[in-house]
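Shown next, in structure tokens, is the structure this report addresses.
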Amino acid sequence: MDKLIFIVDDEDSILKMLTHWCKTQWNYNVRTFTNGNDALSALQENPDLLLLDIMLPDINGNDILRAVKLKYPRLPVIMLSAQGSVEVALESIRLGAFDYFPKPIDKNRLEPAIRNAIKNFDLERELENLKENLQREYSFDNIISADNKMQEAFKMVSKVLDNDITVLITGESGTGKELIARAIHFSGKRKNSPFVVVNCASIPRELLESELFGHEKGSFTGAHQRKIGKFELARGGTIFLDEIGEMEMSLQAKILRVIQQKEFERIGGNEVIKSDVRIISATNRDLKLAVDSKLFREDLFYRLSSFPIHIPPLRERRKDIVVLIDHFLKHFNEKLGKKIKQISKPALKILYDYDWPGNVRELENTMERCIILSDGDNVDVDALPPNITLHLKTDGLVNTNNIFEENSPIIPFEKLKEEAIKHALKVTENNIVEAARKLKIGRATLYRLMDKYKIASDKK
């Protein structure tokens, strides 16, 4: 094995015996020391385990244990002692020893103890590496933007990293609201605790309460065992309530209680559970309009929006289009094993002029498709999706001289409006925000007209 064990003992016979076991029989690499100072000086070699005698000529073993745990808190230490008293064993365990063995040492117990200690150490290091990778991946350094509006949003975000104020992130779908929420969590004081995501729009309403707060066994049909909810799972960390505007009113009251009183109960339970969770929420809806329409609680709106952060759509920060294209080009080259050098100027012009109703998410998916389809050094126009090239051909102002022929029948004005709305929804694939923008009306007006003309749509 490539695992390294330090053996620290001033008895030559013990050193030889332990070396024979660990190196010859169990296949570990071994370094031996007869005093504590030499062992402490050599810790920079990053051993995987210490076998440490308590009675040493220069330093007491427990003092060495204290020093090790201060500098290398995860390094496993197994204590050895000829004293064999319960008090000595308890003191070693209290100071952080993985295990304690009296002399003479039981070989059959020592081998699995060493194996388990090193295995746990490896798992802890792997977990720490995963946490560090997450923190790097979701740091603000990895959020690509050259736009002044986004820089202002970043400045706002930097003010909330190390406090627990409730944050509401607003913006259209695909603008990167969850990415901002993750950056707040992984750059703040709760970064080593869980980050739990709940998409309020994707979970059926009858299941969302259980998903958030959990339930007790037998609390409803199908509740065969206790379920721990997301608020409990996020304890000490952050819960991200995405699409909070889709949550029904009765559940909004429970969220309000969690914010105000920092406590909740599982469905069917009487136990009051304290909540130590930071709440970050996001929505692509106008919550103030929803409040005015009695679709969202006003008190919850003001609680959630203690610190609002707006992420502008990509069409309002066109500098970012070029920056993101370059970023995704490098990213997908690496991911797909490609060597695309650049986007051709005509293709870049089309991508720059496109309005990106799906925002950054749509741009990312488009770039992945383009790089997959491109075989040469460049991404050219023929690799672009038809909806983008067709969109540019038809996105200008309509020539009203071509709408009606001279002998065309006169169509009632109300019917024209109805057909215009249906056409806009079809072209934008039911994207309410984009349809309203194309029709040059507000979203509230569009919703009102859709209701008037009985036009159904999957809201986006």
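The values are calculated or read from the model by the stated rules, or taken from the named source; none is laboratory data. In this text the structure is predicted, and so the values were computed from the model without any measurement. Here the Cβ positions follow ideal geometry from the backbone for every residue, glycine too, while neighbour counts run over all protein chains shown.
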Sort out which residues of segment 181-204 are part of a loop (DSSP other than H, G, I, E, B) and either free of Cβ contacts under 8 Å to residues at least 12 places away in the same chain or over 11 Å from the mean Cα position of the chain (by Cα) (or both), and write them in order of number. SER187, GLY188, LYS189, ARG190, ASN192, SER193, CYS200, ALA201, SER202, ILE203, PRO204
Per-region count, segment 293-317, residues more than 18 Å from ILE279 (Cβ to Cβ), in contact (Cβ under 8 Å) with a residue 40 or more places away in the chain and more than 25 Å from the chain's Cα centre (by Cα): 3
Segment 75-108 - residue that is in a helix (DSSP H, G or I) and acidic (Asp, Glu) and, of those, modelled with the lowest pLDDT: GLU87
Can you pull out the residues in segment 375-392 that are of a type outside the set (A, V, I, L, M) and within 14 Å of LYS330 (Cα to Cα)? ASP377, ASN378
Please enumerate the residues belonging to segment 151-168 that are β-branched (Val, Ile, Thr) and either part of a helix (DSSP H, G or I) or out of contact with any Ser or Thr (no Cβ under 7 Å at 6 or more places or on another chain) (or both). VAL157, VAL160, VAL167
Of the conditions (1) buried (at least 21 other Cβ atoms within 10 Å of the Cβ); (2) more than 28 Å from LEU289 (Cα to Cα); (3) in contact with a Phe, Trp or Tyr (Cβ under 8 Å, 6 or more places away or on another chain), the single one that GLY237 does not satisfy is (1)
Inside segment 320-366, can you point out the residues that are within 24 Å of ALA435 (Cα to Cα), in a helix (DSSP H, G or I) and not polar (S, T, N, Q)? ASP320, ILE321, LYS349, ILE350, LEU351, TYR352, ASP353, VAL360, ARG361, GLU362, LEU363, GLU364
Of the conditions (1) outside any loop (DSSP other than H, G, I, E, B); (2) without any contact (Cβ under 8 Å) to a residue 24 or more places away in the chain; (3) farther than 17 Å from PHE296 by Cβ, GLN225 fails just one. Which one is it? (1)
Give me the residue from segment 288-318 that is among the basic types (Lys, Arg) and not in a loop (DSSP other than H, G, I, E, B) and, out of that set, surrounded by the most Cβ atoms within 10 Å (Cβ to Cβ). ARG303
Contact list please: Cβ distance under 7 Å, first residue in segment 155-169 and on the phi < 0 side of the Ramachandran plot and of a type in the set (Asp, Glu), second residue surrounded by 15 or more Cβ atoms within 10 Å (Cβ to Cβ) and outside any loop (DSSP other than H, G, I, E, B), pairs at least six apart or on different chains. ASP164/ARG278
Could you list, ordered by first residue, the pairs with Cβ atoms under 7 Å in which the first is in segment 256-277 and within 15 Å of HIS215 (Cβ to Cβ) and not assigned by TED's automatic domain parsing to the domain that holds LEU233 and the second is outside any helix (DSSP H, G or I) and modelled with pLDDT of 95 or more, at least 6 apart or interchain? none
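Quick grid of which residues meet (1) surrounded by 11 or more Cβ atoms within 10 Å (Cβ to Cβ); (2) at pLDDT 85 or above; (3) acidic (Asp, Glu):
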site	(1), (2), (3)
ASP395	yes, no, yes
ASN401	no, no, no
PRO412	no, no, no
LYS417	yes, yes, no
ILE421	yes, yes, no
ALA424	yes, yes, no
LYS440	no, no, no
ALA444	yes, no, no
SER457	yes, no, no
